[in-house]
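The values are calculated or read from the model by the stated rules, or taken from the named source; none is laboratory data. These figures come from a predicted structure and were not determined experimentally. Every residue, glycine among them, receives a Cβ derived from its backbone with ideal geometry; neighbour counts consider all protein chains shown.
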Amino acid sequence: MTVIGLDDTDSRKEGMCTTYVGHSVSEELQEEGYTVERVLLIRLNPAVKHKTRGNAAIAIHTSAPVEEAHRITREHVENSAKVEDERTHPGIVVYDGEPDNVEKEISQFTQRAIREIIPLEDALQLIETQDLYSSSMGKGRGRIGAIAAIGAWSSLDDWTYEYISYREPEKWGTPREVNEKSVFEAADNHYPNAWDTVDKIEEDPVCVPHAPGPILYGIRGDTIQSVKSLSSEINSETVHAKQLFHTNQGTDVHLQTVDHISEVSENSAYKVTGTVTQKPTTKKGGHVFFEISDGEDSLNCAAFEPTKHFRDDVRNLRVGDKITVCGEVSQGTLKLEKFAVRELVKTEKTIPTCPSCARKMESAGRNQGYRCKDCSNTAPKKGTRVVSRELEKGWYEVPPCARRHIAKPLIRGDFDDAIHPHR
Ligand code: ZN
């Protein structure tokens, strides 16, 4: 088998996208008589600054010989990648061997590319030591994602699917014609096997992208059957082509679990537990900020405005709550993707009220308790009051309209606590 890896053919301006190039190469290989076993869509570290939209790379598992696979892919990338866009730096890497049995160095590279920021030199070194076919345009930064995609089938074990319907090329850039009612109905029919098709609260058909480009809609889910059936139930303009991708979307594979906040560093994503030390406050733009601490270090956390009603869950946190937070850390702040309530503060200290006049007592001085200055009643210390809490134990998440491609929706299950999914 031959494994083709390709990346960074997106353009912000022109609207071409890596998945479409992957689809076209796959079609061409089959037209030339080769088989295509599967096409992978691999989401890499979302924190990479110079990423193309969504930081995606493609791998194609095919029977075509290495030289032939390389030639066909190169022709397509040269025709399709918007290399005149100076931020696009396509890379192609071709591997001769079985995708489920790549060298350890390559599968480890995949793990790093999903969780860290990798310098191009590391990719070039691997191409040399593993003697891989490669070609590139621009600065060729796409070779990082291309190698990561080659290692994915060996490296990852949680797989989901995306079934993408593409627009007729002459329609690219024009408003999409998709019947929203049919999208919401189809989404209901296949939930939760297919997820993040729509956002019911925001009334957003999230499977239909906003940016110009070839994608009409993309359906994500846990089974091939569900994404294909759902897709077929949507009424829309003529679909030009469809492509099934095996993906690491919705898997949380980018998260690194750490025991201490001191292990957190910039531009990676983490799962870490601490106690809320600063009440959530809403700042300019509607962004909500708070702080957690593990007793030694503290970490700023944020729920930004686009996370919509998730911010209400965050605002319901109180100082003293023990929580586990997940998200990418940049500029010293963890951008929340989800959090789990582990322990809730259930009581709060109150200033005693006078049993005679029912007014609040006043402090009688440092360490001298409280007294009512009118009635002379005293109380030795603050009282305790039960507080009612909106939150329950377990996981809360951003809604589908704000979900990062790689983040795992709670509805997929297998979490370490109760779940409160947003749909
Ligand atoms: Zn009184």
Query raised in the report: Restricting the search to region 335-354, which residues are under 19 Å from residue 303 (Cβ atoms) and outside any loop (DSSP other than H, G, I, E, B)?
Result: 335, 336, 337, 338, 339, 340, 341, 342
Query raised in the report: Do you know which of the residues in region 328-354 that are in contact (Cβ under 8 Å) with a residue 40 or more places away in the chain and among the polar types (S, T, N, Q) is farthest from the ligand (Cβ to nearest atom)?
Result: 330
Query raised in the report: Do we have any residue at all in region 164-186 that's modelled with pLDDT of 95 or more and under 20 Å from the mean Cα position of the chain (by Cα)?
Result: yes
Query raised in the report: Does any residue of region 396-413 turn out to be within 16 Å of the ligand (Cβ to nearest atom) and either closer than 30 Å to residue 196 by Cβ or touching a residue at least 24 places away in the same chain (Cβ under 8 Å) (or both)?
Result: no
Query - Failed item, numbered, when residue 268 is tested on (1) under 20 Å from the mean Cα position of the chain (by Cα); (2) closer than 30 Å to residue 170 by Cβ - result: (2)
Query raised in the report: Within the set of pairs 6+ apart or on separate chains, which have a first residue in region 355-383 that is assigned to a loop (DSSP other than H, G, I, E, B), a second that is of a type in the set (Asp, Glu) and more than 8 Å from the ligand (Cβ to nearest atom), and C-beta atoms under 8 Å apart?
Result: 372/362; 373/362
Query raised in the report: Quick one: what pairs do we get from region 49-72, first residue farther than 14 Å from residue 113 by Cβ, second at pLDDT 95 or above and among the acidic types (Asp, Glu), C-beta under 6 Å, 6+ apart or different chains?
Result: 61/37; 66/96; 72/28
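Can you name the strands (runs of 3 or more DSSP E) wholly within region 28-98 that have at least 1 residues being polar (S, T, N, Q) and modelled with pLDDT of 95 or more? Before you say what the answer is, go through the steps one by one.
On the way: elements: 36-43, 56-62, 91-96.
Ranges flagged: 56-62.
Could you tell me whether region 386-402 includes any residue that is more than 30 Å from residue 191 (Cα to Cα) and either in contact with a helix residue (DSSP H, G or I) (Cβ under 8 Å, 6 or more places away or on another chain) or assigned to a strand (DSSP E or B) (or both)? Spell out the reasoning first.
Of region 386-402, the ones more than 30 Å from residue 191 (Cα to Cα) are 386-388.
Those still in the list that are either in contact with a helix residue (DSSP H, G or I) (Cβ under 8 Å, 6 or more places away or on another chain) or assigned to a strand (DSSP E or B) (or both) too: 386.
Looking through region 386-402, at least one residue is more than 30 Å from residue 191 (Cα to Cα) and either in contact with a helix residue (DSSP H, G or I) (Cβ under 8 Å, 6 or more places away or on another chain) or assigned to a strand (DSSP E or B) (or both).
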Query raised in the report: Is at least one residue of region 171-183 small (Gly, Ala, Ser) and loosely packed, with under 14 Cβ neighbours inside 10 Å?
Result: yes
Report task. Please work out if residue 166 is closer than 23 Å to residue 59 by Cα, in contact with a Pro (Cβ under 7 Å, 6 or more places away or on another chain) and either touching a residue at least 12 places away in the same chain (Cβ under 8 Å) or crowded, with 16+ Cβ neighbours inside 10 Å (or both). Result -> yes
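Would you confirm, using the coordinates I've provided, whether residue 252 is touching a residue at least 40 places away in the same chain (Cβ under 8 Å) and among the acidic types (Asp, Glu)? Before the answer, list the steps.
Working: touching a residue at least 40 places away in the same chain (Cβ under 8 Å): yes; among the acidic types (Asp, Glu): yes.
Yes; evaluated as a whole, the condition is true for this residue.
Quick one: which of 288, 314, 319 is under 22 Å from residue 262 (Cα atoms) and either within 16 Å of the ligand (Cβ to nearest atom) or surrounded by 14 or more Cβ atoms within 10 Å (Cβ to Cβ) (or both)? I'd like the intermediate steps shown before the answer.
On the way: 288 fails: under 22 Å from residue 262 (Cα atoms); 314 fails: under 22 Å from residue 262 (Cα atoms).
Matching residue, one of 288, 314, 319: 319.
Would you pick out the residues in region 403-415 that are assigned to a loop (DSSP other than H, G, I, E, B) and of a type in the set (Lys, Arg)?
Filtering region 403-415 down to residues assigned to a loop (DSSP other than H, G, I, E, B) leaves 403-409, 413-415.
Across region 403-415, the qualifying residues are 403, 404, 408.
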Report task. Name, by its number, the condition in (1) of a type outside the set (Phe, Trp, Tyr); (2) more than 25 Å from residue 420 (Cβ to Cβ); (3) in contact (Cβ under 8 Å) with a residue 60 or more places away in the chain; (4) surrounded by 21 or more Cβ atoms within 10 Å (Cβ to Cβ) that does not hold for residue 243. Result -> (4)
